[in-house]
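*Asks:* Quick one: the structure is below, questions incoming.
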Amino acid sequence: MTKSVFSMCGMCTVRCPIRVESEDNKVTWIEGNQHLLGGALCAKGSAGPALVADKERPQQPLIRVGDRGAGRWKKVSWDTALDYVTDKLKKIKEEHGPESVVLSSRGGPWQNMYKTFIHAFGSPNYTNHDCTCGRNTHHASLSLNGVGRKGFIYDIKNAKHLILFGRNMFSSLRIAENLQTLDMLDNGGKLTYVDVRQTMTGLKADRFFQVRPGTDYALILAMIHEIIKRDVYDHDFVKQYVSGFEELSTFVEQYTPAWAAKECGIKEKAIHAFIDDIIPVMPKVIFHPGWNLSRYKDSFYASRGLHILNVLMGNIEQKGGLIIPKGPGDCGVKGIRSLDCAKPDIKRADGVGWKYKHFDKGPGLAHLFFEAMEKEEPYPVKAWITMRHDPFSGMPDPQRQKASFDHCDLLVAIDTHYGEFSWYADVILPESTYLERESTICVQKGLKPRLAVRKKAIEAEADTKPAWWIFKEFAKRLGIDEYFPYDTIEELWNWQLEPTGFSIEDFDEKGFISLTDDPIMYDPKNLEGKFATPSGKIEMISKKLTDAGLPSLKEYESPLKPEKGMFRLVYGRSAVHSHGHTTNNPLLNELMPKNSLWINTRVANKLGIANGDLVDVAAEDNSYTGTMNAHVVDYIHPEAVYMVHGFGKHIPLQSRSYHAGVSDQKLMVGKLDDWDQAGGAINLCESFVHVRRSVQNLKRRVEL
Amino acid sequence: MNKYMIYLNSKRCIGCHGCEVHCKSVKGLPVGPFLCEIDHKAVPSVKGFPKTEFTFRSCYHCDNPLCVPICPTDAMIKRADGIVYIDQEKCIGCMACATACPWAIPEMNPDTNKAVKCDYCMDRVDAGLKPACVTKCTTHALKFVTMQEV
Ligand code: SF4
Ligand code: SF4
Ligand code: SF4
């Protein structure tokens, strides 16, 4: 009999709404939710059943028996594994205090479960992967608008012009956003794309600025300059909601389009033509403030600049602009209950909140724990639990990280697949795949807020468990299970839904519960109280930054030029992989088994590198080298080389991705400490690499 | 006359290769055969920057399919509505069809050692649904067109 359930995809962290059919516990069909996506799904989404069937993911809990990283494991039962972990945690708590345990997760809508656990255990040290993703963008928005990265949604469908700085949206794929953008283009809207290389997104654009790597901020400053100079910004909006506009005007006077054109290596005329294009369609112009902007040393300020441009457009709470997401309260509905436990009143080990007061205390900054681990300051870190987070794949310099993690007595990895970190850990607790597990109910804020939930489509094939069960079992063993008031997922769902008056059956019709029939908009003339800055205004000058000794309007500094024979390493995503999560998926591996090195034709010619040749890519200090195929193209800046992130994994049990391609993270030797003091994120595009034609290209002449 | 065809709106296609996996997944195909393929070729540059034309290719479901008469077991069948499909019961995997087809469309399924090719997802079409690649195209760029009878 065919069973059909609505659920949420889990192949990447966009979590698209899906509908899954199964027969005899085998998935036979997955499609994008017809009500929200009209069926659309990407390659990764359709490769879900291949993930379930893959025997190269952990099939039961494993405890390490050899040295860390040696790959010798003992298969154990869940009871044994959970007892092992919790006994160790108790001992560490006794000897070093509860704060010596860190839990890092991927982030996302379910993080309050992990946060609740670590707080209830007694540690303030919850963190997530965002220091290698959206932290700069988040802090940029907070410093200006008083609300974080998720404080706005973008009404792209109704926009007339969308500007993307390095946001390669047609490869990173958020299907709903992609559909909106293509609808906008179909309706005559325009797309401007800025990047160091041509991408699938650039191919759809009406205007493409190929800039010198690291000069985005220059172009942004010139755009601000020109909009103020031509006096076309939204005066009423600025007058009503903005403080510090005078300082901004004075600051950008020096940054003319002529200057930026030279700095970025683009045409001045093109900048003027771009401004001409957007003036008639304001305020339906969206400058996307970036997503993964943990890139250059000034990405935080670039993101602030993009937010400032939106402010100048006066596009906030306008159709075709930036919209403040609405929640249950706006619909006159009570919100759901969520697992929660107050953060213990102990200093965070990463320094966020006391040493670094200008950062959001929520998840802190994962990379700042390493110094703490090494120096045991402010106190020792003795255990680290990762929840679907792979520090070695996400953050630079895994060699250095390993040395730091060796200060820990316990490393636990919870994930569906083997990661580089789990391979080094002491215990692997395999989570069921997203098709085999449920998740807690979450609120999806927006123009039309809704409740969403993941339901399992099939029973787990291997001896794996869902996160809600794993954390409950931890909590029982550690005597903190009052924070996890359920035994079954149905009990948890009911407890969450109780205040709302909805029941879990209400998800059956469409896969979500819509909290309103019509989109909710605030009055754009009456947005007082929506900007949670100290003054309630959108602040060009942020006191938090000033107090931290940091400028709010930062003078532009030209990025370093690579030395001869060296290149700036830039990374990105492909439409067929979710970073390191999917490189071993049979169907996706078939499409892209390894990454290649994009290099400019002119410089490749000089180095004697032809398209397809093997090249050696070495870290700045030559301590790590990877060999990969060159992809020689005209449309990448000669100072940069590019690779898709997530490859170069060395996990023998993943036969398809073992040693396939090169890891950008491993090439970033010494770069764990290269981070943005103002934005908090790691500067992942501030590494330089050597590139040479590999000796492995030689044809072998002797065969014995 | 063929009743159906698949049309690709190149303006919307983003070359994400989703359709290829949607197809493999609905047909339960292992690593190896692809029943459809997305290709993109650079077209003469526009204002100095390359643009791309996307093409989608599955089986052409020819009016006079060369793959049909060559099949020694009558496994390759053309339906009245034009769909050309392989009866998996009858196929012996000799791959004569692939040799006869001008584009070598039929491929060997290494799991079954029989030929496979696009059948316009006829089970879905007969149930009033659209082919998998069309239903799930990431950007709604693929359309399943039913020709008007004249
Ligand atoms: S799924 Fe759609 S958008 Fe993606 S490659 Fe296929 S036709 Fe193009
Ligand atoms: S397999 Fe080849 S010959 Fe047969 S119908 Fe398809 S395209 Fe035509
Ligand atoms: S119509 Fe069906 S069989 Fe043919 S290419 Fe599309 S998904 Fe594959």
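The values are calculated or read from the model by the stated rules, or taken from the named source; none is laboratory data. A quick note: this is a predicted structure, and the numbers were derived from the prediction, not measured. With ideal geometry, Cβ positions are generated from the backbone for all residues, glycine too; neighbour counts draw on all protein chains shown. SASA here: full protein model, heavy atoms, side chains in, ligands and nucleic acids out. Shrake-Rupley method; radii C 1.70, N 1.55, O 1.52, S 1.80 Å.
*Asks:* Report, by residue number, each residue of region A:606-632 that is touching a residue at least 12 places away in the same chain (Cβ under 8 Å), open to solvent by 60 Å² or more (accessible area, probe 1.4 Å) and within 27 Å of the chain's Cα centre (by Cα).
*Replies:* A:Glu620, A:His631, listed by residue number.
*Asks:* Just to be sure I understand, how many residues within region A:633-642 are within 14 Å of chain B (Cβ to nearest Cβ), crowded, with 21+ Cβ neighbours inside 10 Å and not in a loop (DSSP other than H, G, I, E, B)?
*Replies:* Total meeting the criteria: 1.
Conditions tested, residue by residue: (1) buried (at least 17 other Cβ atoms within 10 Å of the Cβ); (2) under 27 Å from A:Leu451 (Cβ atoms); (3) at pLDDT 95 or above; (4) acidic (Asp, Glu).
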{"site": "A:Phe502", "(1), (2), (3), (4)": "yes, yes, yes, no"}
{"site": "A:Glu505", "(1), (2), (3), (4)": "no, yes, yes, yes"}
{"site": "A:Asp508", "(1), (2), (3), (4)": "no, yes, yes, yes"}
{"site": "A:Ile513", "(1), (2), (3), (4)": "yes, yes, yes, no"}
{"site": "A:Met521", "(1), (2), (3), (4)": "no, yes, yes, no"}
{"site": "A:Gly529", "(1), (2), (3), (4)": "no, yes, no, no"}
{"site": "A:Thr533", "(1), (2), (3), (4)": "yes, no, yes, no"}
{"site": "A:Ile538", "(1), (2), (3), (4)": "yes, no, yes, no"}
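*Asks:* Within region A:29-52, is there a residue that is surrounded by fewer than 17 Cβ atoms within 10 Å (Cβ to Cβ), within 11 Å of chain B (Cβ to nearest Cβ) and at pLDDT 95 or above?
*Replies:* Looking for residues that are surrounded by fewer than 17 Cβ atoms within 10 Å (Cβ to Cβ), within 11 Å of chain B (Cβ to nearest Cβ) and at pLDDT 95 or above, one finds at least one in region A:29-52, hence yes.
*Asks:* Pick out, from region A:13-121, the helices (runs of 4 or more DSSP H) lying fully within it that include 2 or more residues that are out of contact with any Lys or Arg (no Cβ under 8 Å at 6 or more places or on another chain) and charged (D, E, K, R).
*Replies:* A:78-96
*Asks:* Report, by residue number, each residue of region B:85-108 that is away from ligand 2 (no atom under 13 Å from the Cβ), touching a Pro at 6+ places or on another chain (Cβ under 8 Å) and farther than 17 Å from B:Leu29 by Cα.
*Replies:* B:Ile92, B:Cys94
*Asks:* Which one of these is open to solvent by less than 20 Å² (accessible area, probe 1.4 Å), within 16 Å of ligand 1 (Cβ to nearest atom), at pLDDT 95 or above and not charged (D, E, K, R): B:Val26, B:Val21?
*Replies:* After ruling out the rest, the residue left standing is B:Val21.
*Asks:* List every residue pair whose Cβ atoms sit under 7 Å apart, with the two residues 6 or more apart in sequence or on different chains, where the first one lies in region B:109-132 and is under 16 Å from B:Ser25 (Cα atoms) and open to solvent by 20 Å² or more (accessible area, probe 1.4 Å) and the second, anywhere, is away from ligand 2 (no atom under 16 Å from the Cβ) and part of a loop (DSSP other than H, G, I, E, B).
*Replies:* So the pair list comes out as B:Pro110/B:Pro30; B:Pro110/B:Gly32; B:Asp111/B:Pro30; B:Arg124/B:Lys130.
*Asks:* Moving on. Does A:Lys343 satisfy the condition of being closer than 20 Å to A:Val147 by Cα and within 25 Å of the chain's Cα centre (by Cα)?
*Replies:* Against the criterion (closer than 20 Å to A:Val147 by Cα and within 25 Å of the chain's Cα centre (by Cα)), A:Lys343 does not qualify.
*Asks:* Among the candidates B:Ile86, B:Ile70, which residue alone is more than 15 Å from ligand 3 (Cβ to nearest atom) and free of Cβ contacts under 8 Å to residues at least 60 places away in the same chain?
*Replies:* B:Ile70
*Asks:* Given the structure, is A:Gln401 polar (S, T, N, Q), at negative phi and open to solvent by 10 Å² or more (accessible area, probe 1.4 Å)?
*Replies:* no
*Asks:* Condition test on A:Glu498, is it in contact with a Lys or Arg (Cβ under 9 Å, 6 or more places away or on another chain), of a type in the set (D, E, K, R), on the phi < 0 side of the Ramachandran plot and open to solvent by 40 Å² or more (accessible area, probe 1.4 Å)?
*Replies:* yes
*Asks:* Looking only at region A:249-299, filter to residues that are at pLDDT 95 or above and small (Gly, Ala, Ser); which one of those is nearest to A:Arg135 (Cα to Cα)?
*Replies:* A:Ser299
*Asks:* Among the residues of region B:133-148, which ones are within 9 Å of ligand 3 (Cβ to nearest atom) and either open to solvent by 20 Å² or more (accessible area, probe 1.4 Å) or of a type in the set (S, T, N, Q) (or both)?
*Replies:* B:Thr135, B:Phe144 - these are the residues of region B:133-148 that are within 9 Å of ligand 3 (Cβ to nearest atom) and either open to solvent by 20 Å² or more (accessible area, probe 1.4 Å) or of a type in the set (S, T, N, Q) (or both).
*Asks:* Same structure, new question: Go through region B:60-110 and count every residue that is in contact with a helix residue (DSSP H, G or I) (Cβ under 9 Å, 6 or more places away or on another chain) and either within 16 Å of ligand 1 (Cβ to nearest atom) or on the phi > 0 side of the Ramachandran plot (or both).
*Replies:* Selection size over region B:60-110: 2.
*Asks:* Which of the residues that make up region B:90-106 are farther than 13 Å from B:Pro69 by Cβ, touching a strand residue (DSSP E or B) at 6+ places or on another chain (Cβ under 6 Å) and within 16 Å of ligand 3 (Cβ to nearest atom)?
*Replies:* Those that are farther than 13 Å from B:Pro69 by Cβ, touching a strand residue (DSSP E or B) at 6+ places or on another chain (Cβ under 6 Å) and within 16 Å of ligand 3 (Cβ to nearest atom): B:Cys91, B:Pro106.
*Asks:* Taking only pairs six or more apart or across chains, which ones have beta-carbon atoms under 8 Å, a first residue in region A:211-225 that is under 12 Å from A:Gly166 (Cβ atoms) and open to solvent by 10 Å² or more (accessible area, probe 1.4 Å), and a second residue that is modelled with pLDDT under 95 and in a helix (DSSP H, G or I)?
*Replies:* Qualifying pairs under 8 Å: none.
Matching residues to (1) surrounded by fewer than 23 Cβ atoms within 10 Å (Cβ to Cβ); (2) in a helix (DSSP H, G or I); (3) polar (S, T, N, Q):
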{"residue": "A:Ala302", "(1), (2), (3)": "no, yes, no"}
{"residue": "A:Ser338", "(1), (2), (3)": "yes, no, yes"}
{"residue": "A:Lys343", "(1), (2), (3)": "yes, no, no"}
{"residue": "A:Phe359", "(1), (2), (3)": "no, no, no"}
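*Asks:* Do we find a residue being surrounded by fewer than 17 Cβ atoms within 10 Å (Cβ to Cβ), away from ligand 2 (no atom under 14 Å from the Cβ) and charged (D, E, K, R) anywhere in region B:75-82?
*Replies:* no
*Asks:* Return the residue satisfying two criteria in turn: it lies in region B:124-138 and is out of contact with any Asp or Glu (no Cβ under 7 Å at 6 or more places or on another chain), closer than 19 Å to A:Arg19 by Cβ and among the β-branched types (Val, Ile, Thr), and of such residues it is farthest from ligand 1 (Cβ to nearest atom).
*Replies:* Looking at the filtered set, the residue picked out is B:Val134.
*Asks:* Just for helices (runs of 4 or more DSSP H) wholly inside region A:189-278: which have at least 1 residues that are within 27 Å of A:Lys297 (Cβ to Cβ)?
*Replies:* A:200-203, A:216-229, A:245-252, A:257-264, A:268-278
*Asks:* Criterion first (within 11 Å of another protein chain (Cβ to nearest Cβ) and touching a residue at least 40 places away in the same chain (Cβ under 8 Å)) does A:Cys9 satisfy it?
*Replies:* Criteria not met by A:Cys9.
*Asks:* Can you tell me which residue within region A:150-163, out of those that are surrounded by fewer than 22 Cβ atoms within 10 Å (Cβ to Cβ) and touching a helix residue (DSSP H, G or I) at 6+ places or on another chain (Cβ under 7 Å), is farthest from A:Pro396 (Cα to Cα)?
*Replies:* Going through the qualifying residues, I end up with A:Lys160.
Residue by residue, here is whether (1) open to solvent by 20 Å² or more (accessible area, probe 1.4 Å); (2) away from chain B (no Cβ under 14 Å); (3) over 27 Å from A:Ile336 (Cα atoms) holds:
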| residue | (1), (2), (3) |
| --- | --- |
| A:Met113 | no, yes, no |
| A:Thr137 | no, yes, yes |
| A:Thr192 | no, no, yes |
| A:Gln198 | no, no, yes |
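*Asks:* In region A:667-683, what count of residues is obtained for those that are closer than 30 Å to A:Gly71 by Cα and either touching a strand residue (DSSP E or B) at 6+ places or on another chain (Cβ under 7 Å) or part of a strand (DSSP E or B) (or both)?
*Replies:* Residues in region A:667-683 being closer than 30 Å to A:Gly71 by Cα and either touching a strand residue (DSSP E or B) at 6+ places or on another chain (Cβ under 7 Å) or part of a strand (DSSP E or B) (or both): 2 in total.
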